[in-house]
Amino acid sequence: MADTVASLKLTSEGAMKLLHAAMAKAKEMGVPQCISVVDPGGHLLAFARMDGAFSQSIDTSLMKAMTAASYGLPTGDIAAGIDIKLAIATQGKRINLPGGLPIVVDGHVIGGIGIGSGTGEQDKQVANAALATLPGAKRFG
């Protein structure tokens, strides 16, 4: 087994690209959003609260991004029962609300994007639109 592995890193430029794409999609939909982009460790790289987005969604967008990056899975798909236990065990840092997607390029989880302030379906649409602008990024249905 090797002692090191090659990895990819989401740059601040890439994070801003995702942020601006998400904002454009949210504006097109007429749904102001809170948008968080994090690295694989859940550390914030980019954030915006669009005019009219709910202030409570600041926290949920970040938690969605952190959860998606941590598990490499979209939020909203964690099994019922386990999701509550995770939320309690992490003091709310892991949540199962729809709208968080991992950023996966060439099989590497390089971060997460979390959207909040619309319905779960609207949040997922905005996140997917952002991922579509990043070359090689996996998309989620």
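The values are calculated or read from the model by the stated rules, or taken from the named source; none is laboratory data. This is a predicted model, so every value here is computed, not measured. Positions of Cβ are generated from backbone atoms using ideal geometry, with glycine treated the same way; all protein chains shown enter the neighbour counts. Remember, those area values only see protein heavy atoms, side chains included, never the ligands or the DNA or RNA. Shrake-Rupley method; radii C 1.70, N 1.55, O 1.52, S 1.80 Å.
If we keep just the residues of the range 55-81 that are touching a residue at least 24 places away in the same chain (Cβ under 8 Å) and of a type in the set (A, V, I, L, M), which is farthest from GLN33 (Cα to Cα)?
LEU73
Working only within the range 131-141, note down all residues that are out of contact with any strand residue (DSSP E or B) (no Cβ under 6 Å at 6 or more places or on another chain) and either of a type in the set (Gly, Ala, Ser) or touching a residue at least 60 places away in the same chain (Cβ under 8 Å) (or both). Break it down into steps so the answer makes sense when it comes.
To start, the set of residues in the range 131-141 that are out of contact with any strand residue (DSSP E or B) (no Cβ under 6 Å at 6 or more places or on another chain) comprises 132-135, 139, 141.
If the condition is that a residue be out of contact with any strand residue (DSSP E or B) (no Cβ under 6 Å at 6 or more places or on another chain) and either of a type in the set (Gly, Ala, Ser) or touching a residue at least 60 places away in the same chain (Cβ under 8 Å) (or both), then ALA132, THR133, LEU134, GLY141 are the ones that fit.
Which pairs do you get when a residue that is modelled with pLDDT under 85, found in the range 82-93, comes within reach of a residue that is assigned to a loop (DSSP other than H, G, I, E, B) and surrounded by 11 or more Cβ atoms within 10 Å (Cβ to Cβ), reach meaning Cβ atoms under 7 angstrom, with the pair 6+ apart or on two chains?
Going by the 7 Å Cβ cut-off, the qualifying pairs are ASP83/ASN96; LEU86/ILE78; LEU86/ARG94; ALA87/ARG94; ALA87/ILE95.
Condition first: buried (at least 24 other Cβ atoms within 10 Å of the Cβ), of a type outside the set (S, T, N, Q), in contact (Cβ under 8 Å) with a residue 24 or more places away in the chain and not in a helix (DSSP H, G or I). Can you find one or more residues in the range 37-54 that meet it?
Yes: one or more hits.
Specify which of the listed residues (VAL104, VAL38) is at pLDDT 95 or above, closer than 21 Å to GLY136 by Cβ and either among the charged types (D, E, K, R) or touching a Lys or Arg at 6+ places or on another chain (Cβ under 6 Å) (or both).
Sole residue among the options that is at pLDDT 95 or above, closer than 21 Å to GLY136 by Cβ and either among the charged types (D, E, K, R) or touching a Lys or Arg at 6+ places or on another chain (Cβ under 6 Å) (or both): VAL104.
With the requirement that a residue be modelled with pLDDT of 95 or more, outside any helix (DSSP H, G or I) and open to solvent by 60 Å² or more (accessible area, probe 1.4 Å), what does the range 4-29 give you?
LYS9, THR11
Restricting to the range 94-126, give me the number of residues that are part of a helix (DSSP H, G or I), surrounded by fewer than 23 Cβ atoms within 10 Å (Cβ to Cβ), in contact (Cβ under 8 Å) with a residue 24 or more places away in the chain and of a type in the set (D, E, K, R).
Matching residues across the range 94-126 total 1.
Mind checking which residues of the range 92-112 are in contact with a strand residue (DSSP E or B) (Cβ under 7 Å, 6 or more places away or on another chain), aliphatic (A, V, I, L, M) and within 13 Å of LEU73 (Cβ to Cβ)?
Listed by number, the residues that qualify are LEU101, ILE103, VAL104, VAL109.
For the range 67-81, how many residues are open to solvent by 30 Å² or more (accessible area, probe 1.4 Å) and either at pLDDT 95 or above or at positive phi (or both)?
So the answer is 2.
For the range 38-55, does any single residue satisfy the condition of being on the phi > 0 side of the Ramachandran plot, touching a Pro at 6+ places or on another chain (Cβ under 9 Å) and not aromatic (Phe, Trp, Tyr)?
Yes, that holds for at least one residue.
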